[in-house]
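One structure is given here, and the rest of the page talks about it.
The values are calculated or read from the model by the stated rules, or taken from the named source; none is laboratory data. Please read all numbers here as calculations on a predicted model, not as lab measurements. Please note that ligands, DNA and RNA were not included when accessible areas were found on the heavy atoms of the full protein model with its side chains. Shrake-Rupley method; radii C 1.70, N 1.55, O 1.52, S 1.80 Å.
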Amino acid sequence: MFTLGDFVLNIFIFLFGLLWALVMVNAEGANGWGGKSPAWKLDSSKWYALPFKSFTWGREINLLPVFAIITFTVTFLLPPLWNYSRGLPFNIIDWGEIIAYFSIFGIHEDFLWFLINPYFGIRKFKKQFIPWHPHWWFGLPKEYWIGFAVFTVAGILSRGVIWWGIALLIQLALLIIFILISTKIIKPSIIETN
């Protein structure tokens with residue numbers, strides 16, 4: 001059953017993605033994936049870089065986005081740790097929801113980064129403008145499709161098809177509303193000249 005709490009949580013997940021997109025746009029500017037940020041960069045051939053390779057999907061190991069991903073992960077793990085520390089039950093359904101929401105959050109954060117970034121916008125959300133997303137399937141970065149598949153499987157297995165369908169509709173509605181609003185707020189002249 002989809003509750004009011006589920007509805008509020010869906011809105012929160014979307015807003016959390018928007019907040020992190022704002023943080024990362026301000027940290028990275030026109031240079032996604034940490035581009036020209038002064039963050040540490042690791043030589044991927046060194047042994048100490050090995051744990052970070054899984055976070056980078058084959059990209060340069062720039063620790064700004066890697067630490068952001070670690071922060072997201074820790075944040076999403078807080079509810080089960082909070083419950084465990086108080087002796088409250090936490091079951092497989094809860095884990096499924098966390099995995100589903102973490103996946104959709106990752107898609108939102110990344111896509112909203114492009115949408116609100118004055119150097120990109122919706123018109124430059126294309127493979128030729130985004131070298132750090134080298135693999136695209138059906139007009140979207142492959143990571144989005146993988147994240148959506150994880151969201152789908154985890155959502156359906158943990159809460160069922162109806163819950164997943166309603167969560168998906170809410171997430172898509174929030175995204176469409178934000179796209180419509182943001183394309184009116186972000187001046188097209190800024191987007192087109194960069």
In Å³ per residue, the alpha-carbon convex hull of the chain encloses 138 Å³
What length, rounded to one decimal in nm, is gained on full extension from residue 48 through to residue 180, with 0.36 nm per residue of separation minus their alpha-carbon distance? 43.1 nm
Give the ranking of 184, 46 by solvent-accessible surface, highest area first, calculated with a 1.4 Å probe. 184, 46
Contour minus Cα-Cα span, residue 69 to residue 152, at 0.36 nm per residue, comes to 27.8 nm
Computed ³J(HN,Hα) along the range 163-174: with the Karplus parameters 6.51/-1.76/1.60, θ = phi - 60°, integer Hz and x for glycine or proline, the list is 4, 4, x, 5, 4, 5, 4, 5, 4, 5, 4, 4
Computed helical MRE - 222 nm, the chain, DSSP H runs ≥ 4 contributing -39500 (n - 2.57), nearest 500: -22500 deg cm²/dmol
At 1.4 Å probe size, with every protein chain present, just tell me what the per residue accessible area of the chain comes to in Å². 58 Å²
For residue 60, solvent-accessible area (1.4 Å; no DNA, RNA or ligand), Å²: 100 Å²
When we measure straight from the Cα of residue 46, which lysines land under 26 angstrom away, once same-chain ones fewer than 8 places off are left out? 36
How high is the relative contact order of the chain, given as a whole-number percent (alpha carbon pairs under 8 Å, six or more residues apart)? 28 percent
